[in-house]
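Below is one structure; the comments refer to it alone.
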Amino acid sequence: MSNYGMGGYVGSTEDQRRIERQLKEREEQHRQYEEAKAAAAKGAGLRQFGAASSEAIEHAFKNETIGLVTREQFVEKRLTIEERLKAEQKRIRHEAEEEALREKERLRAKKAKSEQKHKLSFDDDFGEEEEEEEEAAAPARPPQQQAAQPPSSSNGAAMEQEPANGNGGGNGAGKLRYAKLGKDPSVRTDFLPDKDREREEEELREKLKAEYALRTAAIKAEPLEIVYSYYNGTGHRRVVTVRKGDTIGQFLKAVVEQLTPQFREIRTTSVQNLMYVKEDIILPHTVTFYDLIINKAQGKSGPLFQFDLHEHATTVFDPRIKSQDSHAGKVVDRHWYNKNKHIYPASRWAPFDESKAGVPAPEEAARRVDQLFGSGPVLCLERSVGEKHGVDLNLWDSCHFRAQVYPDLPLASTWRDLLRRTVQTVGRQPDAVGEEPPAQPCPTERWTVRTVAAQLRSRDQLRAMMLSAAGVDAAGDPKPGVQPADALLFVSGSHPARRLPGASKWLQDSFDLLLLASAMREEGYLPASLSLWAVENPMLAPVARLRQKAEAGAEVVLTQPPLLWERTARWAEEAHSSLLSSNVKVVLGLPIVPSAGNLDFWLRLCGVRHLPEAQALLQAFPQLEPAEGADGQRRSKEAHAAAVRQWNADLIRKSLELPGISGLHVMPLTKSARQLTLDFLADGTLPSSPGIVGGASTCNA
């Protein structure tokens, strides 16, 4: 009856003790709140919030630093203090987490034990007295013993403690671990949160970080011998030894100390007024040799991570292989550079760019070519130049072609034509070529390919032509207001002087142009995105010649027209079986032939007019039959036009069926040929899609 009062039933003894315990907890929370409120009123909270890690670092730095220190010592000491404070904060956080885990497990075990007591009503007093005795005896137990023998909970989620060392001994406290009960061992749980695994990963990460720091420090302390040349118009080669961890500024300081006794101008020059130029790259004073070595940085003419003289003896230049020749770096006075930077070799020097100094990525040009030809067969259009400039604009505006090629035609291809053109042009000003109106916008990207023909030009003239076509100046910088070409097409040319005996020994050819352009692109004078194209004759040249042009740097090869079909088919089959057509894109030349006279022109231009197959082809080409009367002549012309159309359609169909062909190079030279091309595009004989590319070529490789 003791449980009944004036207000009725008030619960059992256990309920009364729970209410008293809750009241005590509320009083403790209220007391803590009042203390925090009083501390905030005094400003202690604001001071504690303002005491951030930066202020703690600054305070520790002031206590441990005496007098003036160098910049390197300042940075090193500050980093050391930051790491030490981070480690201390991490240790405190881990201890707090472990203490919270112990407290949580103690409360859980206490609750589980109370639930396991007898549930009889007459056993309440006995249970409470036993609980009070255990609580009073609990503080007398050492903390190590409490952590080492945690009571098990009812749901099996108990804490485990690992010994400090392997045999369970040691003076240090062990690490608390969560028990794995409750997880199915046959199920993947690595994606679930796991504090034990996270702690182990963090410890392993810290261990590896410390090991890496030790190895890095050992490498940076290694000596490095540098061969350099003090350059003031003439070179003065010297050798100095520094550490791999030294900066360019520290290296220049050692250079000043070495050169001061020999050069009077160095005595009054500071380190800030000196420059270190390596492989045509001006290196900043803050870069370390270790950074250059570990990143394998590359310059214009060689590696930036080799500082001795190292040259490879090669008999054949291969532009696909990055040059590994190491040259002595130049130490130059900044005032001398400012006065002579427009003169070679200072005109070649460029500032250091970290984004471009690493290991070269796959060439941008090759990536663009793959993207261009990735959607299937492509179409190429050869544009008209000279007096006929702009007559094929309707073809280009049809958006069926994604690339246009402007040929580089000679003054004449025979001695008779050369003499006639020379007489006609004596005393005449060249006709001004009007600007082509802007092309219609198309939904896909379209390329512009410009031809560079060797003809009788010198190497310097060809180099200037490449730079002009690419839209860059002599230093490789883009010219404002100039539309650069997406690709350069290299041909030998059809000047009659090239057929003289022995002319090939002293005249440049397409192979020389490919090698020169590849070297200029590697050195940064031509844009990295500029693609290199070449021309090949499948009716006369062997497949080995295609392989040689691919090795010289050609990424796309445009062929001459497949007029002699059996020769062209054998050439395509051999190129495809040898996997050459997969390494280089082969675009088959396609002339639109409207008459027998035009066919004869193409056979002569490609150098096969004398072959028996060419004679048979001319005889088999549709001829205009003579007829009487106006109706008969009209029917004869219609039949001839239909036969010519069918002949060109069959050539297009067979060309598309050849293996390893990446596209067609359409070359309509006459008005009737351009009209036939429009008809073929309209009826689908010439395939057109958003992935089709347009380009052009000339017949002389």
> Which one is surrounded by the fewest Cβ atoms within 10 Å (Cβ to Cβ) among residues in the stretch 662-672 that are among the hydrophobic types (A, V, I, L, M, F, W, C) and either over 24 Å from Trp533 (Cβ atoms) or at pLDDT 90 or above (or both)?
Replying inline: Leu664
>> Give all pairs with beta carbons closer than 9 Å in which a residue from the stretch 329-352 that is closer than 16 Å to Lys300 by Cβ and open to solvent by 50 Å² or more (accessible area, probe 1.4 Å) meets a residue that is part of a helix (DSSP H, G or I) and of a type in the set (Gly, Ala, Ser); count only pairs at least 6 apart in sequence or on separate chains.
In response: Lys341/Ser347
> What are the residues in the stretch 631-650 that are surrounded by 20 or more Cβ atoms within 10 Å (Cβ to Cβ) and not polar (S, T, N, Q), if any?
Replying inline: Val644
>> I need the full set of residues from the stretch 69-92 which are closer than 20 Å to Arg205 by Cβ and within 42 Å of the chain's Cα centre (by Cα), in order please.
In response: Leu79, Thr80, Glu82, Glu83, Arg84, Leu85, Lys86, Ala87, Glu88, Gln89, Lys90, Arg91
> Can you name the condition, by its number, that Ala682 falls short on among (1) open to solvent by less than 50 Å² (accessible area, probe 1.4 Å); (2) without any contact (Cβ under 8 Å) to a residue 40 or more places away in the chain; (3) of a type in the set (A, V, I, L, M)?
Replying inline: (1)
>> Cβ-Cβ distance below 6 Å, separation of 6 or more or different chains: which pairs start in the stretch 479-507 with a residue that is free of Cβ contacts under 8 Å to residues at least 12 places away in the same chain and end on one that is open to solvent by 30 Å² or more (accessible area, probe 1.4 Å)?
In response: Lys479/Asp473
> If you check every pair at least six apart or on different chains, which have Cβ atoms under 8 Å apart with a residue in the stretch 522-536 that is in contact (Cβ under 8 Å) with a residue 24 or more places away in the chain first and a residue that is open to solvent by 10 Å² or more (accessible area, probe 1.4 Å) and of a type in the set (Ser, Thr, Tyr) second?
Replying inline: Glu522/Ser323; Glu523/Ser301; Val535/Thr698
>> Given the criteria part of a helix (DSSP H, G or I) and either in contact (Cβ under 8 Å) with a residue 40 or more places away in the chain or open to solvent by 100 Å² or more (accessible area, probe 1.4 Å) (or both), does Glu58 qualify?
In response: no
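Rundown of residues vs (1) open to solvent by 100 Å² or more (accessible area, probe 1.4 Å); (2) of a type in the set (A, V, I, L, M); (3) modelled with pLDDT of 85 or more; (4) farther than 29 Å from Gln89 by Cβ, yes/no style:
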residue: Tyr4; (1), (2), (3), (4): yes, no, no, yes
residue: Arg17; (1), (2), (3), (4): no, no, yes, yes
residue: Glu27; (1), (2), (3), (4): yes, no, yes, yes
residue: Ala39; (1), (2), (3), (4): no, yes, no, no
residue: Gly43; (1), (2), (3), (4): no, no, no, no
residue: Ala52; (1), (2), (3), (4): no, yes, no, no
>> Looking at the stretch 418-474 only, could you name the residues that are assigned to a helix (DSSP H, G or I) and either at pLDDT 60 or above or under 18 Å from Arg521 (Cβ atoms) (or both)?
In response: Arg459, Asp460, Gln461, Leu462, Arg463, Ala464, Met465, Met466, Leu467, Ser468, Ala469, Ala470
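The values are calculated or read from the model by the stated rules, or taken from the named source; none is laboratory data. On a predicted model such as this, the values are computed, not experimentally measured, just so you know. Cβ: placed from backbone, ideal geometry, glycine included. Neighbour counts: every protein chain shown. Heads up: the accessible areas ignore ligands, DNA and RNA and are worked out on the full protein's heavy atoms, side chains in. Shrake-Rupley method; radii C 1.70, N 1.55, O 1.52, S 1.80 Å.
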